[in-house]
Amino acid sequence: MKRFFCQCGQEIFFDNTHCGVCGSQLGFIPELQQLTSLQEDDKAWLMTDLFPLQRYRSCEHRDDEIACNWLIPAESSNTQCISCALTRTIPILSQPENWRRWRTLEAAKRRMLYGILRLNLPIKGAYQGYPNGLVFDFLEDQRTNPMLALEHVLSGHSQGVITLNAAEADGSFREATREAMNESYRTLLGHFRHEIGHYYWDMLIKDTDHYAMFCEVFEYQQQDYQSSLESYYENGPAADWPASYLSAYASAHPLEDWAETWSHYLMMNETMETAMTYDLIEHFDYASDFDVMMNDWLSLVVKMNALNRSVGNTDAYPFVVSAPVRRKLLFIHQLLKSLRKPRESAAFP
Ligand SMILES: [Zn+2]
Ligand SMILES: [Zn+2]
Ligand SMILES: [Zn+2]
């Protein structure tokens, strides 16, 4: 994540709607991935010194409990920002805790989308009329609302539709599920990054020139998805999964391995950008050399974990990057690099 500063010089943060020091209104411009202080012009449009010719409006969820700080260009006919507009279904708001869940889900979605925008990847929303366009359903099941017909909502992606169980916004639910599933890492942001990975697999891998290389790197031989998942839930992962995968779940099927690895790459990308802006590493961008990037990353996470233990937390980074995992991350790195620079060939060793 970049660092942002108010016009008064105070450091401001991604979710802030107001500066805590000078009281300025703040807004995030998704097109530029920039958080900035705002003034109103004589027609009550919002303007910023950074881009004096452009005028903006607030997202309609700025002043409700969602507190979305993303901006819309004044000339747009949308009333919601490009993040809020992607949400199709929300939990029933007559239950007051669902406002908090929805707010938490939207905040994690905006942060995930920040990473996607930084990578310059297209976001084709269903609300814009794209076939199989991206849309989010935040659903409850009987575990949080016994009145509902749905017994068990599982997170997943199908043809642009990303479903998340709204209860994943509750720390207690997530922690209990993490323990029951014997996972070392379970975050809401991680869920969003994983599911968007499936969406980009459809867009960037399936039916493209990258498919053959994907099959080789992720050992995909059209293994049946349903029966692989059933067998994983019945028998658990192979004991030696850490030698080839980032998580036990990644070993369930190559498409889940892709989503786990993609999610990991997004986490690395944003964390390294943050580390760079705070001068913890010297250089990082999408065109970085992969080996240099991985060396910086692995020395950074040792420090992150040590800092976490000192404040009494568990490891921020409970992963082992084996040689096969490294190769999968390299595939994603080269893929994204080739998309940024379409005229250069994407050499892959
Ligand atoms: Zn300020
Ligand atoms: Zn919004
Ligand atoms: Zn998945």
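The values are calculated or read from the model by the stated rules, or taken from the named source; none is laboratory data. All figures in this text were calculated on a predicted structure; none of them were measured in a lab. Using ideal geometry, Cβ is built from the backbone for each residue, glycine included, and neighbour counts are taken over all protein chains shown. Ligands, DNA and RNA are stripped out before the accessible areas are found, and what is left, the full protein with its side chains, is counted by its heavy atoms. Shrake-Rupley method; radii C 1.70, N 1.55, O 1.52, S 1.80 Å.
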Quick check on my filter: what residues within region 39-73 are among the aliphatic types (A, V, I, L, M) and either modelled with pLDDT under 95 or assigned by TED's automatic domain parsing to the domain that holds residue 126 (or both)? 44, 46, 47, 50, 53
Quick check, is residue 35 surrounded by 21 or more Cβ atoms within 10 Å (Cβ to Cβ) and either of a type in the set (Gly, Ala, Ser) or within 13 Å of ligand 2 (Cβ to nearest atom) (or both)? no
Residue among 143, 118, 111 that is under 25 Å from residue 340 (Cα atoms), open to solvent by 70 Å² or more (accessible area, probe 1.4 Å) and more than 16 Å from ligand 2 (Cβ to nearest atom): 118
Among the strands (runs of 3 or more DSSP E) contained in region 79-162, which hold 1 or more residues that are closer than 30 Å to residue 3 by Cβ? 87-89, 135-139
For residue 274, all conditions in the list (1) within 26 Å of residue 214 (Cβ to Cβ); (2) within 20 Å of the chain's Cα centre (by Cα); (3) of a type in the set (S, T, N, Q) hold save one; what is the number of the exception? (1)
Is it fair to say residue 273 is of a type outside the set (A, V, I, L, M, F, W, C), more than 16 Å from ligand 3 (Cβ to nearest atom), at pLDDT 95 or above and under 18 Å from residue 337 (Cβ atoms)? yes
Please go through region 309-337 and pick out each residue that is over 25 Å from residue 243 (Cβ atoms), open to solvent by less than 90 Å² (accessible area, probe 1.4 Å) and outside any loop (DSSP other than H, G, I, E, B). 336, 337
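Yes or no, residue by residue, for (1) open to solvent by less than 10 Å² (accessible area, probe 1.4 Å); (2) in contact with a Cys (Cβ under 6 Å, 6 or more places away or on another chain); (3) small (Gly, Ala, Ser); (4) assigned by TED's automatic domain parsing to the domain that holds residue 260:
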| residue | (1), (2), (3), (4) |
| --- | --- |
| 122 | no, no, no, no |
| 129 | no, no, yes, no |
| 132 | no, no, no, no |
| 162 | yes, no, no, no |
| 172 | no, no, yes, no |
| 175 | no, no, no, no |
| 180 | no, no, yes, no |
Filter region 82-103 for residues that are within 14 Å of ligand 2 (Cβ to nearest atom) and open to solvent by less than 50 Å² (accessible area, probe 1.4 Å); which is nearest to the chain's Cα centre (by Cα)? 83
Spot the failing condition for residue 74; the list is (1) open to solvent by less than 30 Å² (accessible area, probe 1.4 Å); (2) in contact with a helix residue (DSSP H, G or I) (Cβ under 9 Å, 6 or more places away or on another chain); (3) not charged (D, E, K, R), and only one is missed. (2)
Between residues in region 75-102 that are closer than 12 Å to residue 139 by Cβ and free of Cβ contacts under 8 Å to residues at least 60 places away in the same chain and residues that are open to solvent by less than 80 Å² (accessible area, probe 1.4 Å) and assigned to a loop (DSSP other than H, G, I, E, B), which pairs lie under 8 Å by C-beta distance while being six or more apart or on different chains? 92/140; 92/145
